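The values are calculated or read from the model by the stated rules, or taken from the named source; none is laboratory data. Predicted, not measured: the structure shown is a model, and the values here were computed from it. Every residue, glycine as well, gets a Cβ built from its backbone with ideal geometry; the counts of neighbours run over all protein chains shown. For accessibility, only protein heavy atoms count, side chains too; no ligands or nucleic acids. Shrake-Rupley method; radii C 1.70, N 1.55, O 1.52, S 1.80 Å.
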Amino acid sequence: MANTVLTSFDTWKQFLHDRVQAAESIGISEEQVSKLAYKIGDFLAANIDPENVQDRLLKDLWSVADTSEQKTLAKLMVKLVSDGKK
């Protein structure tokens, strides 16, 4: 198994935190960040096999959620990494 940012949930959260911070530093709005997080979540759920139990849970939740709920999950992930809970 290749070592990627998706291998460890903590590594993924740190990666996402860094990207959210970078987006905010160049003036991208919280709404735009959440929209992008939704698109990334949709891509990951459709194309990537989770490498840890936390990502498996997120993929399972994503698969049973409707679009509104998926957008909420994406916003929650952004909130998780933005509130200093890396």
Hits in the range 1-21 (condition: in contact (Cβ under 8 Å) with a residue 40 or more places away in the chain and among the aliphatic types (A, V, I, L, M)): M1, L6, L16, V20
Pairs only if they're at least six apart or on different chains, beta carbon under 9 angstrom, first in the range 50-65 and more than 17 Å from T4 (Cα to Cα) and of a type outside the set (G, A, S), second open to solvent by 50 Å² or more (accessible area, probe 1.4 Å) and part of a loop (DSSP other than H, G, I, E, B); list them, first residue then second. K59/I48; K59/D49
